[in-house]
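No lab work stands behind these numbers, since they all come straight from the coordinates. It should be emphasised that the depicted structure is a prediction, and the values quoted were computed from it without experimental measurement. Cβ placement follows ideal geometry from the backbone for every residue including glycine, while neighbour counts extend to all protein chains displayed.
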Amino acid sequence: MILGKYNKLIANRSTDNGFYLIDENENEVLMPNRYVTETLKEGDELNVFVYKDSEDRIVATTAVPTIQRHQFAYLKAKDVNRIGAFMDWGLEKDLLVPFIEQKSKMEAGKSYIVYLFLDQETDRLVASSKIEDFIEDEDVDLEEGQEVDLLVFKKTELGYKVIINNLFEGLIYHNEVFKILNVGDALKGYVKPLREDGKIDLILQKPGYRNTIEPNSALILDLIKSNNGFLSLNDKSDPEDIKRIVGMSKKAFKKTIGTLYKQKLILIEKDGLYLTKNS
């Protein structure tokens, strides 16, 4: 069984303390009574998360953690004591970040990006906020235009640093961000043309004219409709007003409303945009 991961196990036998599950090698693990349903019976297959409880026993749970082994996540510190910080990860036993694994001293009530791994010395799951130690910088198997999972971990002068697919570091430049981003935000992104220096740049909009113009058109039409058929923006509006109201650059906005105008779905007037009868 793999600690810190989901395991497919078979319900083997019921006891006063819960149900024992087995893997393909007939290794047993207890799933405590609080996770056992009335319909569970011997022979049923379950997909359960395996970890160690507060008494250092390996147990299985149907509860859903917010982070798994070899993943990064944005977690809140519930408590800090002489051992380290204890993070809320959605399970009964809190996740420890030892002091030696804290990039800066953690405080209760604050949230941090952490990485979950198995400590080889103690054979226990622990987390670290020294995330740079766990980010891969070799064997980058990404392609231009590929959709990826992103986790924002730092804001810089150039843009937002993100973790890509729980593996690599990337950057979204400020001038290509048209909505508010915060540390801890999880979102989808797309890989820009790969750089010779190995660094990875990303965008949040799907590449390609048709792929970006269509969702933008739907967004603007929805905004106009929800505002009684009028939106106080046009092709002369200030770029900051456009970014604040519709979340896109002025260039993308002008291209979008130009398309909508040609499709006779909107009118572009001095005071703003109006729906036509066609829309």
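Where a ≥ b ≥ c are the square roots of the eigenvalues of the C-alpha gyration tensor, would you call the range 76-202 rounded, which needs a/c under 1.5, or, failing that, prolate if a/b is larger than b/c, or oblate? The shape class here is prolate.
In the chain, Cα pairs under 8 Å separated by at least six residues give a relative contact order of 10 percent.
Magnitude of the Cβ-charge dipole of the range 72-132, K/R +1 and D/E -1, about the Cα centre, nearest 20 debye?
Values: 9 positive and 10 negative charges, 51 e Å.
That gives the range 72-132 a dipole magnitude of about 240 debye.
Coupling constants for the range 37-45 follow from the phi torsions by the Karplus curve (6.51 cos²θ - 1.76 cosθ + 1.60, θ = phi - 60°), and in residue order they are 8, 5, 8, 5, 9, 4, x, 5, 9 Hz; glycine and proline get x. The GNM of the chain, with springs linking C-alpha atoms under 10 angstrom apart, assigns the highest mean-square fluctuation among Gly43, Gly84, Gly247 to Gly43. Springs join every pair of Cα atoms under 10 Å in this Gaussian network model of the chain, and among Leu202, Leu75, Leu46 the largest mean-square fluctuation is at Leu46.
Once backbone amide H atoms are built at 1.01 Å from N, Lys154 has Lys161 as its partners under 5 Å, excluding neighbours fewer than 5 places away on the same chain. Indicate the gyration tensor shape class of the range 209-275 (rounded, prolate or oblate), computed on the Cα atoms with a ≥ b ≥ c the square roots of the eigenvalues: a/c under 1.5 is rounded; otherwise a/b larger than b/c is prolate and the rest oblate. Rounded, because the longest to shortest axis ratio a/c is under 1.5. Taken one residue at a time, the phi angles of the range 4-21 give Karplus couplings (6.51, -1.76, 1.60, θ = phi - 60°) of x, 10, 7, 10, 8, 10, 10, 5, 10, 7, 9, 9, 5, 8, x, 10, 8, 10 Hz. Gly and Pro are set to x.
Identify all lysines with a Cα-Cα distance to Lys41 below 21 Å; exclude those on the same chain that are fewer than 8 residues away in sequence. Answer for Lys41, where 21 Å is the Cα cut-off: Lys8, listed by chain and number. Scalar couplings 3J(HN,Hα) for the range 233-244, obtained by applying the Karplus form with A = 6.51, B = -1.76, C = 1.60 to θ = phi - 60°, are 9, 8, 5, 9, 5, 5, x, 5, 5, 5, 4, 5 Hz; x denotes Gly and Pro.
Averaging Cα coordinates gives a centre for the range 112-179 and one for the range 258-274; these two points are 41 Å apart.
Among Lys206/Lys254; Lys206/Lys243; Lys130/Lys179; Lys105/Lys179; Lys105/Lys199; Lys206/Lys255, which pairs are too far apart, with a Cα-Cα distance over 20 Å? Over 20 Å apart, Cα to Cα: Lys130/Lys179; Lys105/Lys179; Lys105/Lys199.
A Gaussian network model of the chain, with springs between Cα atoms under 10 Å, assigns the largest mean-square fluctuation among Gln68, Gln102, Gln146 to Gln146.
Relative to the Cα centre, the charge distribution of the chain, modelled as +1 at Lys and Arg Cβ and -1 at Asp and Glu Cβ, gives a dipole magnitude of about 1900 debye. Enter the angle in degrees (range 0 to 90, nearest 10) between the Cα long axis of helix 250-262 and the first principal axis of the Cα atoms of the chain, meaning the one along which they spread out most. Between the helix axis and the principal axis of the chain, the angle is about 60 degrees.
Can you bin the chain into rounded, prolate or oblate? Criterion: square roots of the alpha carbon gyration tensor eigenvalues sorted a ≥ b ≥ c, rounded for a/c under 1.5, prolate for a/b above b/c, oblate for the rest. The shape class here is prolate.
Local charge for Ser14 was computed over the other residues whose Cβ lies under 15 Å away, with Lys and Arg +1 and Asp and Glu -1, and equals -2.
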